[in-house]
Amino acid sequence: MALSTCTYIELQPWSPGTARRLMIYRYGKPGAGPKVYIQAGIHADELPANLVAHHLKCLLERADHAGLIATEIVLVPIANPIGLSNVVMNDHMGRYHAGSGQNFNRGWPNVAAEAVVAMTGKVTGKAVADAAANGRALKAEVAAALARRTVTNEAQLLQLTLMRLAFDADIVLDLHTDSEAELHLYVDPEQWPAAADLAALLAAPVVMFARGSGDDPFEETVAQPAIAARAAGIDVALPFTTVVELRGETDVSHALAQKDAEAIYSFLVHRGIIAGDAIDVPTFSGIAAPFEATQVLRAPSGGIAVYLKDLGSMVKPGDIIAEVIDPSAPPGSPPDIVKAETEGRFFARAADRLAQPNAALGKIHGTTPLKDRTGKLLYD
């Protein structure tokens, strides 16, 4: 019978007299595949993710003691101790590294190109048919490339440490939240409709297909070596990598966290990672479409953002989503308005009602890619 373990990774101190560490929970059978990696709160002010990890940890603990976990599960319930302590004048700012300004979920160590170059020198031809052997070889090259990587700040050190834990996983769940939002997912386009089981179990009304969305976010970077190998004609399995956005930053409750943890647990049972009765997976009934079909609503001017549509509203082009009010304007001055340019679901909005010019105010997910949604799709 396997028993869960908790180990610590001590992070190199970045200044004298300081110390940080990561707590790593492991369940099941070390080295047995498919490996599952779950991390919570790399954006450290997204606390619902950490609370879901807390509840999930309890479920996994019981399952492991009962001998139900057939493979290896790695859980990092606090993925960002640096950002978690980044409180300035009672304001928690956990999205960016205070020292460098780096977004904690951008610029992950991407070693895909060097790993694939090294691998192609060791295989016979490019169209290699043994996906399992290719996968092992590719992971070995990724491990070697990550071992060679150096860093210049503690945010990069944190990312490199986490990537060394996650790079060889077959299933990766990166738990986040938006500012104010309904639950939604980002998945690789090749993982749909396979990912419909996770989306349906979590009752997510929105799924966005994202690959190459900009600046190497975590889940896309984990998948990049396999994507690059396949582009080079090498047959390898694509890992299941997804971002789970657990509503908004203030949606912190035991009821929601327990519900989401149980949904993730059911997903692992459905995928055969945990033994259990057959899961009755509901039918996904939301909108699943490319990330290019997501309109980012932007403020035309500075002022107070007043939303005229509730989250979850189905909207059409021309619908007014929000007004931006300048309280210093003359009486009777019309507000600036923010309109929908696509038909879809208004699923996310900014919690900070003080809008700066061109600031992102929210998102609408439709089904038709938008002409201006090219290049870098993520905003910082």
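Some points to look at:
- Any chance A113 is outside any strand (DSSP E or B), within 23 Å of the chain's Cα centre (by Cα), assigned by TED's automatic domain parsing to the domain that holds F167 and surrounded by fewer than 20 Cβ atoms within 10 Å (Cβ to Cβ): yes
- Any chance A196 is in the same structural domain as I264 (by TED's automatic domain parsing), under 20 Å from N134 (Cβ atoms) and either of a type in the set (D, E, K, R) or in contact with a strand residue (DSSP E or B) (Cβ under 9 Å, 6 or more places away or on another chain) (or both): no
- Residue count, region 81-127 (criterion: among the aliphatic types (A, V, I, L, M), at pLDDT 95 or above and at positive phi): 0
- Consider region 310-320 and keep the residues that are in a loop (DSSP other than H, G, I, E, B) and within 26 Å of the chain's Cα centre (by Cα). The one that is surrounded by the fewest Cβ atoms within 10 Å (Cβ to Cβ) is D310.
Yes/no per residue for (1) touching a residue at least 60 places away in the same chain (Cβ under 8 Å); (2) under 17 Å from N103 (Cα atoms); (3) basic (K, R); (4) part of a loop (DSSP other than H, G, I, E, B):
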residue	(1), (2), (3), (4)
L146	no, no, no, no
T161	yes, yes, no, no
Y186	yes, no, no, no
P193	yes, no, no, yes
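Conditions tested, residue by residue: (1) part of a loop (DSSP other than H, G, I, E, B); (2) in contact with a Leu (Cβ under 6 Å, 6 or more places away or on another chain); (3) closer than 19 Å to V151 by Cβ.
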{"site": "Y8", "(1), (2), (3)": "no, no, no"}
{"site": "G17", "(1), (2), (3)": "yes, no, no"}
{"site": "L22", "(1), (2), (3)": "no, no, yes"}
{"site": "G33", "(1), (2), (3)": "yes, no, no"}
{"site": "I38", "(1), (2), (3)": "no, yes, no"}
{"site": "A53", "(1), (2), (3)": "no, no, no"}
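- Restricting G94, G135 to residues that are surrounded by 20 or more Cβ atoms within 10 Å (Cβ to Cβ) and within 22 Å of the chain's Cα centre (by Cα) narrows the list to G94.
- For region 252-269, filtering for residues that are crowded, with 20+ Cβ neighbours inside 10 Å and not small (G, A, S) leaves 5.
- Of residues in region 354-380 being surrounded by fewer than 17 Cβ atoms within 10 Å (Cβ to Cβ) and β-branched (V, I, T), the one modelled with the lowest pLDDT: T374
- Single match in A299, A351, A340, A289 (criterion: surrounded by fewer than 15 Cβ atoms within 10 Å (Cβ to Cβ), in contact with a strand residue (DSSP E or B) (Cβ under 9 Å, 6 or more places away or on another chain) and either in contact (Cβ under 8 Å) with a residue 12 or more places away in the chain or in the same structural domain as W192 (by TED's automatic domain parsing) (or both)): A351
The values are calculated or read from the model by the stated rules, or taken from the named source; none is laboratory data. This one's a predicted model, so the numbers in the text were calculated from it and none came from an experiment. Cβ coordinates were reconstructed from backbone atoms using ideal geometry, including for glycine residues, and neighbour counts include every protein chain displayed.
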